[in-house]
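Novice: Shown below is the structure under consideration.
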Amino acid sequence: MKIHVGYELIYDLPQPTPMIAVLGVHFTRASDVIVPDFLTANPPVPIVNYRDGFGNWCSRIVAPPGRITLSGDGIVRDSGLPDVIVASALQHEVEDLPAETLVFLLGSRYCETDRLSSAAWSLFGNTAPGWSRVQAICDFVNHHIAFGYEHARATMSAWEVFHERNGVCRDYAHLAIAFCRAMNVPARYCTGYLGDIGMPPPYGTMDFAGWFEVYLGDRWHTFDARNNMPRIGRVLIARGRDAADVAITTTFGPNRLVKFTVWTDEVR
């Protein structure tokens, strides 16, 4: 399967404004890239690339005053298979976890494990450790939250989502991540493309998607509390502790987002 991915973001800026963009297909999918989704800017500006502490490719620019368009368009090869289920994957004791996973047990900006620990153990303390525990968390979060773009709020944390009971895909991921970490399962936030491939209509407005990965049975596994089912055509862009680490754009100055368009479609 080939998947056509891309985006167009248009900003109005009153002054020269530094920006960081995390928009390219993740390096772990490099061998699948058929047409690279290089970041382009209009008007053209110098673009400096670097890799952050989580291994994500990031781009730095200084946008001039006025209107700027950031865009990318590429084609990625995909297996066409749904997310893998490994129901036998075991949960590790904390002392046996690899050192590099430990940061994903800690609380973070949007995932307040300290505030949600008591609720997590009350809800999931009697579940079997391992895959079934994480699935129980996804089941709860999926039913607990009402999805709606009108509920989106950049400052909303897992604690707030738990009590307000509404949000968008990143909020589902944040609450599930916080519960997993509280139950001693390393969990990390993922952002990327996820279209409607293999799903029946009607189709919603396309956007970047948020899901998460947990460390079980000596490897990382994909979970998605928003959709709560294996999906086809997931294309990773970045991973981090939560959405603060993988913001699509970070703008260091006043700005207005004029247009936001994302596409991810099977190439037939």
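The values are calculated or read from the model by the stated rules, or taken from the named source; none is laboratory data. Here the structure is a predicted model, which means the values were calculated and not measured. Here Cβ is always computed from backbone atoms with ideal geometry, including for glycine, and neighbour counts include all displayed protein chains.
Novice: Check the range 162-178 and report whether any residue there is assigned by TED's automatic domain parsing to the domain that holds residue 223, in a helix (DSSP H, G or I) and surrounded by fewer than 17 Cβ atoms within 10 Å (Cβ to Cβ).
Specialist: yes
Novice: Right, residue 127: of a type outside the set (Gly, Ala, Ser), crowded, with 24+ Cβ neighbours inside 10 Å and in contact with a helix residue (DSSP H, G or I) (Cβ under 9 Å, 6 or more places away or on another chain) or not?
Specialist: Here the answer is no, as residue 127 does not meet what is asked.
Novice: Out of the residues in the range 86-97 meeting the condition of being loosely packed, with under 14 Cβ neighbours inside 10 Å and not small (Gly, Ala, Ser), tell me which one is farthest from residue 196 (Cα to Cα).
Specialist: 95
Novice: Being in a strand (DSSP E or B), out of contact with any Gly (no Cβ under 9 Å at 6 or more places or on another chain) and either within 25 Å of residue 53 (Cβ to Cβ) or touching a residue at least 12 places away in the same chain (Cβ under 8 Å) (or both) is the requirement here; does residue 262 meet it?
Specialist: Here the answer is no, as residue 262 does not meet what is asked.
Novice: A further question on this structure: Would you confirm whether or not the range 59-76 contains a residue that is more than 27 Å from residue 257 (Cα to Cα), surrounded by fewer than 16 Cβ atoms within 10 Å (Cβ to Cβ), at pLDDT 95 or above and hydrophobic (A, V, I, L, M, F, W, C)?
Specialist: Checked against the condition, which is being more than 27 Å from residue 257 (Cα to Cα), surrounded by fewer than 16 Cβ atoms within 10 Å (Cβ to Cβ), at pLDDT 95 or above and hydrophobic (A, V, I, L, M, F, W, C), the range 59-76 yields no hits at all.
Novice: Further question: How about the range 13-38: which of its residues are part of a loop (DSSP other than H, G, I, E, B) and surrounded by fewer than 18 Cβ atoms within 10 Å (Cβ to Cβ)?
Specialist: Within the range 13-38, 14, 15, 16, 36, 38 meet the criteria.
Novice: Moving to a separate point now. Which of the following residues is within 19 Å of the chain's Cα centre (by Cα), acidic (Asp, Glu) and either in the same structural domain as residue 193 (by TED's automatic domain parsing) or closer than 24 Å to residue 154 by Cα (or both): 52, 37?
Specialist: 52
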